[in-house]
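A.B. asks: Below you will find the structure I want to go over with you.
The values are calculated or read from the model by the stated rules, or taken from the named source; none is laboratory data. None of the values given here were measured: they were computed from a predicted structure. With ideal geometry, Cβ positions are generated from the backbone for all residues, glycine too; neighbour counts draw on all protein chains shown.
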Amino acid sequence: MRLDEAALLGLVQGVTEWLPVSSSGHLALVQIFLELKPPLFFDVMLHFGTLLVVLAFFRHDIAEFFREEKRREGAGGYLLKVFAALIPTAVIGVVFGDIFESFFSNAVAVAVALLFTGAILYASERVSEGNRKIGFTQAFVIGIAQGIAIIPGVSRSGFTIAAGLLLGVKREETFKFSFAIFVPAVLGALAKTFLEEAGQIGLNGVGW
């Protein structure tokens with residue numbers, strides 16, 4: 001893959017990551033259109049780059065957010081809910097990861113997933129805002145939504161937020177929780193991909 005092609009994929013990731021439109025879906029469509037086949041490690045690193053930007057830009061807000069949750073729920077209460085969400089995400093990723101990865105080369109599958117994302121977002125906007133807080137049940141279901149969002153075309157942020165809203169969770173709390181489970185999910189995906197491709201990763205082995 002040439003440098004300009006890598007830069008284009010980075011641009012697509014940078015623009016779409018901040019919107020509930022599935023950055024992975026748009027990356028897949030661009031790759032299909034340009035007949036590019038970068039390794040999965042490259043796509044994961046794009047998400048990791050986005051994560052670094054988020055952590056750097058919102059570092060003070062993130063620190064304040066966890067201080068607030070510590071005061072409200074105790075030292076480990078909120079982190080346990082994050083962990084509860086990550087369990088189904090990890091299971092889905094391990095069991096179905098290879099199947100979902102194959103969708104990156106299927107434009108029809110990506111298009112269907114994008115339509116599904118649009119329908120879910122539309123449905124969530126039609127639901128009256130609830131007043132529930134994130135409990136372990138809600139956290140687990142949102143974690144399932146995050147796992148399904150591995151499918152290119154299904155927006156992670158859009159699907160997890162929609163799941164929370166459909167469960168009657170407050171909008172602001174849903175947004176915060178969606179972000180909280182995003183960070184460890186990306187780190188986990190990076191670690192999994194790195195371990196799986198450790199023998200191929202090198203200056204000439206990643207296909208860049």
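A.B. asks: For the range 163-184, give me each residue that is within 21 Å of HIS47 (Cα to Cα) and among the hydrophobic types (A, V, I, L, M, F, W, C).
C.D. replies: Hits for the range 163-184 are PHE175, PHE177, PHE179, ALA180, ILE181, PHE182, VAL183.
A.B. asks: Name every residue in the range 113-130 that is among the polar types (S, T, N, Q) and modelled with pLDDT under 85, in order of residue number.
C.D. replies: Restricting attention to the range 113-130, the residues satisfying the condition of being among the polar types (S, T, N, Q) are 117, 124, 128.
The one that is among the polar types (S, T, N, Q) and modelled with pLDDT under 85: SER128.
A.B. asks: What tally of residues in the range 170-207 results from selecting those that are surrounded by 15 or more Cβ atoms within 10 Å (Cβ to Cβ), touching a Phe, Trp or Tyr at 6+ places or on another chain (Cβ under 8 Å) and either at pLDDT 85 or above or part of a helix (DSSP H, G or I) (or both)?
C.D. replies: So the count comes out to 5.
A.B. asks: What number goes with the only condition from (1) part of a loop (DSSP other than H, G, I, E, B); (2) surrounded by 18 or more Cβ atoms within 10 Å (Cβ to Cβ) that SER24 does not pass?
C.D. replies: The one condition SER24 does not meet is (1).
A.B. asks: May I ask you to list the residues in the range 1-15 that are part of a helix (DSSP H, G or I), surrounded by fewer than 19 Cβ atoms within 10 Å (Cβ to Cβ) and touching a Gly at 6+ places or on another chain (Cβ under 9 Å)?
C.D. replies: GLY10, GLY14
A.B. asks: Here is a follow-up. Suppose we filter the range 137-162 for residues that are in a helix (DSSP H, G or I), of a type outside the set (D, E, K, R) and within 23 Å of VAL44 (Cβ to Cβ); how many remain?
C.D. replies: Here is the first cut: in the range 137-162, the residues in a helix (DSSP H, G or I) are 137-148, 156-162.
Filter once more, so that each one left must be of a type outside the set (D, E, K, R): 137-148, 157-162.
Still in the list and also within 23 Å of VAL44 (Cβ to Cβ): 142-148, 157-161.
Number of matching residues: 12.
A.B. asks: Would you check if VAL127 is touching a residue at least 24 places away in the same chain (Cβ under 8 Å), within 21 Å of ASP43 (Cα to Cα) and not small (Gly, Ala, Ser)? Step through it out loud before you land on a result.
C.D. replies: Numbers: touching a residue at least 24 places away in the same chain (Cβ under 8 Å): yes; within 21 Å of ASP43 (Cα to Cα): no; not small (Gly, Ala, Ser): yes.
Criteria not met by VAL127.
A.B. asks: Right, another one. What number of residues within the range 87-112 satisfy the criterion of being modelled with pLDDT of 90 or more, more than 18 Å from PHE159 (Cα to Cα) and small (Gly, Ala, Ser)?
C.D. replies: Result for the range 87-112: 1.
A.B. asks: With respect to the numbered conditions (1) surrounded by 16 or more Cβ atoms within 10 Å (Cβ to Cβ); (2) under 19 Å from the mean Cα position of the chain (by Cα); (3) touching a residue at least 24 places away in the same chain (Cβ under 8 Å), which one is the sole condition not fulfilled by TYR78?
C.D. replies: Unmet condition: (2).
A.B. asks: In addition: ILE99: over 22 Å from ILE161 (Cβ atoms), of a type in the set (A, V, I, L, M, F, W, C), surrounded by fewer than 15 Cβ atoms within 10 Å (Cβ to Cβ) and free of Cβ contacts under 8 Å to residues at least 60 places away in the same chain, yes or no?
C.D. replies: On the way: over 22 Å from ILE161 (Cβ atoms): yes; of a type in the set (A, V, I, L, M, F, W, C): yes; surrounded by fewer than 15 Cβ atoms within 10 Å (Cβ to Cβ): yes; free of Cβ contacts under 8 Å to residues at least 60 places away in the same chain: yes.
Judged against the criteria, ILE99 is a match.
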